[in-house]
Amino acid sequence: MSDATTTAATAAPTTGTCLCGAITLTIPAAAVPLKSMSCYCTHCAKNAGGPYQTNAMFATTDISVSDPQGQLRTYSILDTFSGKPKEKAFCGTCGCTFYTRPGHHEGKMTVVKTGILDAGAIASFQPKVELYARDRPQFCQALEGTKQFDTMPMTH
Ligand SMILES: [Zn+2]
Ligand SMILES: [Zn+2]
């Protein structure tokens, strides 16, 4: 058995829960985020109740959700940059958002809100880019080492 195989078999997955604990999202240890970003757009600020959200994008097939009480709800955000609806998934009891699925990726990408991750796992997904930096309030500093975009680059 190679070292790589041993690591993959023993590493614990990353989990995230909402405030009430009804729903658990699981990211396998082997899953690699395709993108990690902070976003200051209006949607993210309203959803966070603060200046920004930190997000990590995964292939939807990498993400699993345990929802034994059937609490997961979705809401379609229509006024998106791409013009295609973005689906937000949240807990119907406590309101925490787990992820969004941008319409321009046709559901194949899941953008996990890393603030829901447990056991300090948010630190593993340090943003590499900042989106909608033009909307960053003056009391927030740009995160050093991140690439800044005024809005949303078309590649996202
Ligand atoms: Zn909840
Ligand atoms: Zn945003």
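The values are calculated or read from the model by the stated rules, or taken from the named source; none is laboratory data. Everything numeric here is computed off the predicted structure, so don't read it as measured data. Using ideal geometry, Cβ is built from the backbone for each residue, glycine included, and neighbour counts are taken over all protein chains shown.
Taking only region 40-97 into account, find how many residues are within 16 Å of ligand 1 (Cβ to nearest atom), part of a strand (DSSP E or B) and surrounded by 16 or more Cβ atoms within 10 Å (Cβ to Cβ). The qualifying residues number 6. The set of residues in region 117-140 being within 11 Å of residue 38 (Cβ to Cβ) and assigned to a loop (DSSP other than H, G, I, E, B) consists of 126, 127, 128, 132, 136, 140. For region 50-60, the count of residues that are within 15 Å of ligand 2 (Cβ to nearest atom), over 20 Å from residue 128 (Cβ atoms) and modelled with pLDDT of 95 or more is nonzero. Would you call residue 98 in contact with a Ser or Thr (Cβ under 7 Å, 6 or more places away or on another chain) and either closer than 22 Å to residue 129 by Cβ or more than 16 Å from ligand 2 (Cβ to nearest atom) (or both)? No; evaluated as a whole, the condition is false for this residue. Taking the listed residues 21, 16, 50, the one that is among the small types (Gly, Ala, Ser) and at positive phi is 21, with no other qualifying.
Report, ordered by the first and then the second residue, all pairs with beta carbons closer than 6 Å, sequence separation of six or more or different chains, a first member in region 33-62 that is touching a residue at least 24 places away in the same chain (Cβ under 8 Å) and of a type in the set (A, V, I, L, M), and a second member that is assigned to a strand (DSSP E or B) and within 8 Å of ligand 2 (Cβ to nearest atom). That search, which allows pairs on different chains as well, returns 37/55; 37/131.
Determine whether region 6-17 contains at least one residue that is loosely packed, with under 14 Cβ neighbours inside 10 Å, more than 22 Å from residue 127 (Cβ to Cβ), modelled with pLDDT of 95 or more and polar (S, T, N, Q). For region 6-17, residues loosely packed, with under 14 Cβ neighbours inside 10 Å, more than 22 Å from residue 127 (Cβ to Cβ), modelled with pLDDT of 95 or more and polar (S, T, N, Q): absent. Go through the residues of region 70-81 one by one and say whether even a single one is among the aliphatic types (A, V, I, L, M), at negative phi and either away from ligand 2 (no atom under 16 Å from the Cβ) or in contact (Cβ under 8 Å) with a residue 60 or more places away in the chain (or both). Checked region 70-81: at least one residue is among the aliphatic types (A, V, I, L, M), at negative phi and either away from ligand 2 (no atom under 16 Å from the Cβ) or in contact (Cβ under 8 Å) with a residue 60 or more places away in the chain (or both).
Candidates are the residues of region 101-116 that are touching a Ser or Thr at 6+ places or on another chain (Cβ under 8 Å) and part of a loop (DSSP other than H, G, I, E, B); the one that is nearest to residue 32 (Cα to Cα) is 108. Is at least one residue of region 128-137 surrounded by 15 or more Cβ atoms within 10 Å (Cβ to Cβ) and of a type in the set (Asp, Glu)? Scanning region 128-137, I find at least one residue that is surrounded by 15 or more Cβ atoms within 10 Å (Cβ to Cβ) and of a type in the set (Asp, Glu), so the answer is yes.
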